[in-house]
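Asker: Below is a structure I'd like to ask you about.
What follows draws every value from the coordinates through simple rules; no lab data is involved. Everything numeric here is computed off the predicted structure, so don't read it as measured data. Quick reminder, even Gly has a Cβ in these numbers, built from the backbone with ideal geometry, and neighbours come from all protein chains shown.
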Amino acid sequence: MGVAPATVTMTLRRMQRDEWISGHRRREIHLTELEREAARSVTRRHMLTEWLLVKIFKFPIFETHDEAHRIEHAISPKLEERMYEILGKPELCPHGNPLPGNESLTKDWVSLVDIPVGAEVIIRRVHEFAEDN
Ligand SMILES: [Zn+2]
Ligand SMILES: [Zn+2]
């Protein structure tokens, strides 16, 4: 994740104190339902912000991920709901990643590494990990 081990330890302690995680030991971390919903919410806000940047501000798709990371935390639940409506209730982000609750949409999609050389394909998704790169 590109952070120092001490930062991870401190963050995990804080998350445990605030009841985001239910105890961690031996490299296992379990999210509480509270944290699970918080993670889903920030993911939704991130993806809706990407759409906002593409549709309203005409950003090229490859610039939206970093930009959305800066904005996503400032969006209230009320604004999130409004964005969702105005952006046409998207099921995927502009990179083709499913909004939380829509994961089944991509379950039959095949990874490029499993495609034979020379085959013709439509690229539908750039994974969030790849967006970072
Ligand atoms: Zn993104
Ligand atoms: Zn995306």
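Asker: Please give the Cα centre distance for segment 87-133 versus segment 50-77, rounded to the nearest Å.
Answerer: 18
Asker: Whose amide H sits under 5 Å from the amide H of Phe59, counting only residues 5 or more places off or on another chain, with H placed in the peptide plane?
Answerer: Val54
Asker: Still on this structure: For segment 46-133, state which GluC sites (Glu not before Pro) are in a DSSP loop and have at most 16 other beta carbons lying within 10 Å of their beta carbon. Could the numbers behind the result be given before it?
Answerer: Working: sites: Glu50, Glu63, Glu67, Glu72, Glu80, Glu81, Glu85, Glu91, Glu103, Glu120, Glu128, Glu131; in loops: Glu91, Glu120.
Here the GluC sites (Glu not before Pro) that fit, given the DSSP loop and packing criteria, are Glu91, Glu120.
Asker: Compute the relative contact order of the chain as a whole-number percentage, counting only Cα pairs closer than 8 Å that sit 6 or more residues apart in sequence.
Answerer: On the way: 102 pairs, mean separation 25.3, N = 133.
19 percent.
Asker: Given the convex hull of the Cα atoms of segment 1-53, what is a quarter of its surface area in nm²?
Answerer: Details: hull surface 18.2 nm².
Dividing the Cα hull surface by four gives the mean projection, 4.6 nm².
Asker: Please list, in chain and number order, the residues 5+ apart from Leu92 or on another chain whose amide H is under 5 Å from its amide H, with Hs placed from the backbone.
Answerer: Leu99
Asker: Same structure, new question: Could you point to the residue in Pro116, Val126, Ala6 farthest towards the positive end of the chain's charge dipole, with +1 and -1 charges on the Cβ of Lys/Arg and Asp/Glu respectively?
Answerer: Farthest towards the positive end: Ala6.
Asker: Calculate the all-directions average of the projected area of the chain's alpha-carbon convex hull, and give it in nm².
Answerer: On the way: hull surface 42.7 nm².
The number I arrive at for the chain is 10.7 nm².
Asker: Which far-off residues, 5 or more places away or on another chain, put their amide H under 5 Å from the one on Ile21, with H placed in the peptide plane?
Answerer: Gln16, Thr32
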